[in-house]
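The values are calculated or read from the model by the stated rules, or taken from the named source; none is laboratory data. Nothing here was measured: the structure is a model prediction, and the numbers come from that model. Positions of Cβ are backbone-derived with ideal geometry, glycine not excepted, and every protein chain shown enters the neighbour counts. Note: areas computed on protein heavy atoms with side chains; ligands, DNA, RNA excluded. Shrake-Rupley method; radii C 1.70, N 1.55, O 1.52, S 1.80 Å.
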Amino acid sequence: MRKERKLLMLGAGAGVSPLLSILESAPYASGEAILVTRDHADEDALRMDAVADLVRRRGLRHFRLIGPRLREGSTWLPAAHGDWRGADLIRHLAPDLEDYDVFVCGPLPWMSAVRADLATAGIRADRVHTETFTI
């Protein structure tokens, strides 16, 4: 399934849990895996202890996106990131995007917006792995 050595994981809400399972078992060097988590409020975040453990033990890079969603443009982003286009933010986090396999997990509308921005950022569809996951 994986084609590249680096991992970019984008998860919203409960979609973070399956991504953590992959990150706990997948081979990657320190700094070669990025997890972007998306929640409406800080208290909604799930499994942050497990994320912190992977940051400490395995060198996972973690970025949190918190707040109400944008109404226009890259709707997977929180309104606080309204100055960013989603594809630009992805390229900012992973400037060598061609070296990554991407895993996306969360509610379907959110995932559709992420996938559109991944395509705009230039990631090939065969390197994007998705799973819809909601509670």
Which trypsin sites (Lys or Arg not before Pro) in the stretch 71-121 pass both tests, a DSSP loop state and at most 16 other beta-carbon atoms within 10 Å?
-> Arg71, Arg85
Please find, in a Gaussian network model of the chain (springs between Cα atoms separated by less than 10 Å), the residue of Thr75, Thr37, Thr120 whose mean-square fluctuation is greatest.
-> Thr120
Hey, what's the chain come to in accessible area per residue, 1.4 Å probe, Å²?
-> 50 Å²
Calculate the all-directions average of the projected area of the stretch 23-113's alpha-carbon convex hull, and give it in nm².
-> 6.2 nm²
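How much of the accessible area of the chain, in percent, comes from carbon and sulfur atoms when a 1.4 Å probe is used? Write out the running numbers ahead of the final one.
Values: 3480 of 6710 Å².
Exposed carbon and sulfur together represent 52 percent of the surface.
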Those GluC sites (Glu not before Pro) from the stretch 9-95 that are DSSP loop and have at most 13 other Cβ neighbours within 10 Å turn out to be Glu72
